[in-house]
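Notes for the one structure printed next.
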Amino acid sequence: MGKGKLQIPIIPKFKVQSDDFNNLLLIGFDKTNIENTNHLNRMVHFFLYDYKFDRVWKNPDADLEKLKRYCAVLSPDFSMYTEMAPAMQLYNTFRNRWCGAYYASKGIRVVPTVSWGNENTFEFCFDGIEKGSTVAVSTYMVSET
């Protein structure tokens, strides 16, 4: 499934429609509900505390039908704190790409979320994202140093 030295799963680039990002609206994963038909024109984001969406890694099929209803899903934004061990940062990048690739394989349009910690993470933070892909980046929890 993955390519390169680290075998990070690839999130395939989807064909962007001309109006995909006009009036872009997002909805937090924690606000999605299978019974709610409002906001289906939104993209689902995971710019939340990890505990609020860790289940997409542990049981990715549990929310599959719910996520399929939205216009797109951003890949899960697992934390990349600068004080984390590099192995954990790599693991969280792997989980991001694995979930994104899995959901894409199930027919969901996935926008890769890119995160990094310190400069050491630049070596792998774009792995698993096809060149020319539209990506999401959050400034949530970012601080000046």
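The values are calculated or read from the model by the stated rules, or taken from the named source; none is laboratory data. It should be emphasised that the depicted structure is a prediction, and the values quoted were computed from it without experimental measurement. Cβ placement follows ideal geometry from the backbone for every residue including glycine, while neighbour counts extend to all protein chains displayed.
Just a few scattered comments:
- Scan segment 61-82 for residues that are closer than 16 Å to VAL114 by Cβ and under 14 Å from the mean Cα position of the chain (by Cα) and the total you get is 9.
- Those residues of segment 34-59 which are touching a residue at least 24 places away in the same chain (Cβ under 8 Å), outside any loop (DSSP other than H, G, I, E, B) and aromatic (Phe, Trp, Tyr), in sequence order: TRP57
- Those residues of segment 1-33 which are free of Cβ contacts under 8 Å to residues at least 12 places away in the same chain and among the small types (Gly, Ala, Ser), in sequence order: SER18
- Among the residues making up segment 121-135, a single one is under 14 Å from LYS5 (Cα atoms) and either modelled with pLDDT under 90 or not in a loop (DSSP other than H, G, I, E, B) (or both): GLU123.
- Of all the listed residues (THR134, THR121), the sole one being of a type in the set (Ser, Thr, Tyr) and more than 24 Å from PHE14 (Cα to Cα) is THR121.
- Every listed requirement among (1) among the β-branched types (Val, Ile, Thr); (2) closer than 19 Å to ALA136 by Cβ; (3) in contact with a Lys or Arg (Cβ under 6 Å, 6 or more places away or on another chain) is met by ILE34 save one, (2).
- Evaluation of ALA87 against the conditions (1) out of contact with any Pro (no Cβ under 9 Å at 6 or more places or on another chain); (2) over 24 Å from ARG42 (Cβ atoms); (3) among the small types (Gly, Ala, Ser); (4) part of a loop (DSSP other than H, G, I, E, B) shows that the sole unmet condition is (4).
- Conditions (1) touching a Phe, Trp or Tyr at 6+ places or on another chain (Cβ under 7 Å); (2) within 17 Å of ILE11 (Cα to Cα); number of the one not met by PHE47: (2)
- Filter result (within 16 Å of the chain's Cα centre (by Cα) and at pLDDT 90 or above) within segment 1-24: ILE8, PRO9, ILE10, ILE11, PRO12, LYS13
- Answer from ALA101, ALA62 - the residue that is in contact with a strand residue (DSSP E or B) (Cβ under 6 Å, 6 or more places away or on another chain) and either free of Cβ contacts under 8 Å to residues at least 24 places away in the same chain or part of a helix (DSSP H, G or I) (or both): ALA101
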